[in-house]
Amino acid sequence: MRLVVALGLAALVVPVAAAYVLRPSTGSPDAAPAATASAAPTPAVAAPPGFPAPPAGAVVFARQLGSDDLALGVVPRDGALLAQASIVGPQGTGVRRRAVAFAVQGRTTAATACGAGCYRATLPVSGRPSSVEVVVGGSPATRWRVTLPAVWPARDAGALVARAERVWRSLRSLSISESLGSGGSTIVRSAWQIEAPDRVAYQVRGGWSAVIVGARRWDRSPGSARWVESPQSRLKQPVPEWAAVSNAHVLGSSSVAGRPAWQVSFFDPVTPGWFEVLLDKRTLRALQVRMTATAHFMRDDFGAFNATAPILPPR
């Protein structure tokens, strides 16, 4: 399922809370949000042609670099690492002609272009490398040190993520606190409530609110007390925030509010974008999701599992 929401951020096209897509309306930036249903999650597929997807088997990491995405994929090889940096601009295309290098175990190797926004190098290593530094030329240059998993090669997390998806779909309800940026100074903060099988409510701080119940929805504009009712394509809920999974690996262990969690990263070729997820070790519920995609830098924190207040039509 995908939900289209107009929030006035420029060129937003990315999955957000509960597998939603934020995108500006085709008319005024102040137009009311609209929602549409979509098909079930797509099986793993290739990224769009020309997109600098990570190489097969790579452990993936990603971060924001101004308005660009900067991602790293690392593939272990005998006595070496294959490293790929992916730089994606705010229009979703690879950024060309950047000077990129990788540093590992005190040795720096210049990367070679492998397509639009794609930069690769084979890095000789001795024993288990602890980190890789990505150096992107500029004024000033960006130096990004990435800590590699303590267990190396990293453990495959494909089955773990698949189990977490089944847990997500089995929930009766959940709540989400979200922050979303597009590379500028504006950060959109919102609260979401999800209730099976087809109910959603969200409140954007200082912006729109909506309640969706089955085939009807109600929208309220900023500062207004009036809800406007309209038809709604039925949404199937709850569903994970990603559409497909590749390159899933366990990065290590973490904790959220005292709950031990698996730290997992993967690439979604359908979005396309990079995800880092914290999964409760006991329940496999997603406690936090971070996504890096085209001009979209999102963090979602989850709670109130099966305890979210019922979503009802506004009075």
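Every read-out reported here was derived from the displayed coordinates using simple, explicitly stated rules and does not represent laboratory data. If you're wondering where the values come from, they're calculated on a predicted model, not measured in any experiment. FYI the Cβ positions are ideal-geometry reconstructions off the backbone, even for glycines, and counts take in every protein chain you see.
Relative contact order of the chain: 20 percent, from C-alpha pairs under 8 Å at least 6 residues apart in sequence.
For Val146, which sequence-distant residues (separation of 5 or more, or a different chain) have an amide H within less than 5 Å of its own amide H, given hydrogens modelled in the peptide plane? Correct list: Val132, Glu133, Val134.
Local charge sum around Pro260 (other residues, Cβ-Cβ under 11 Å, Lys/Arg +1, Asp/Glu -1)? Charge balance in the 11 Å sphere: +2. Projecting the Cα positions of Ser173, Ala215, Ser190 onto the charge dipole of the stretch 171-217 (unit charges on Cβ atoms of Lys, Arg, Asp and Glu, taken about the Cα centre) puts Ala215 furthest along the positive direction.
Normalising the average separation of contacting C-alpha pairs (under 8 angstrom, six or more residues apart) by the number of residues puts the relative contact order of the stretch 157-303 at 22 percent. Report the net charge of residues surrounding Arg145, where surrounding means a beta-carbon distance below 15 angstrom and charges are Lys +1, Arg +1, Asp -1, Glu -1. Local charge sum for Arg145: +2. Summing +1 for each Lys or Arg and -1 for each Asp or Glu among the other residues whose beta-carbon sits under 14 angstrom from that of Gly158 gives 0. Largest mean-square fluctuation among Trp218, Trp242, Trp152, in a Gaussian network model of the chain whose springs join Cα atoms under 10 Å apart, belongs to Trp152.
Helix-only arithmetic for the chain: the sum of -39500 (n - 2.57) across DSSP H runs with n ≥ 4, divided by the residue total, places the mean residue ellipticity at 222 nm at -1500 deg cm²/dmol. Relative to the Cα centre, the charge distribution of the chain, modelled as +1 at Lys and Arg Cβ and -1 at Asp and Glu Cβ, gives a dipole magnitude of about 280 debye. Using θ = phi - 60° in the Karplus curve 6.51 cos²θ - 1.76 cosθ + 1.60, the 3J(HN,Hα) couplings for the stretch 120-132 round to 10, 7, 9, 10, x, 9, 10, x, 8, x, 8, 7, 10 Hz; x is entered for Gly and Pro.
Amide H contacts of Arg77 (H built 1.01 Å from N, in plane; Pro and chain starts excluded): Leu82 sit under 5 Å, all sequence-distant by 5 or more or on other chains.
Whole-Hz Karplus values for the stretch 109-118 come out as 10, 6, 8, 10, 4, 10, x, 5, x, 10 Hz, taken residue by residue from phi with 6.51 cos²θ - 1.76 cosθ + 1.60 and θ = phi - 60°; glycine and proline positions read x.
Computed from the C-beta positions of Arg169 and Ala141 and an R0 of 45 Å, the FRET efficiency is 0.55 to the nearest 0.05. The alpha carbon centroids of the stretch 99-137 and the stretch 205-245 are separated by 44 Å.
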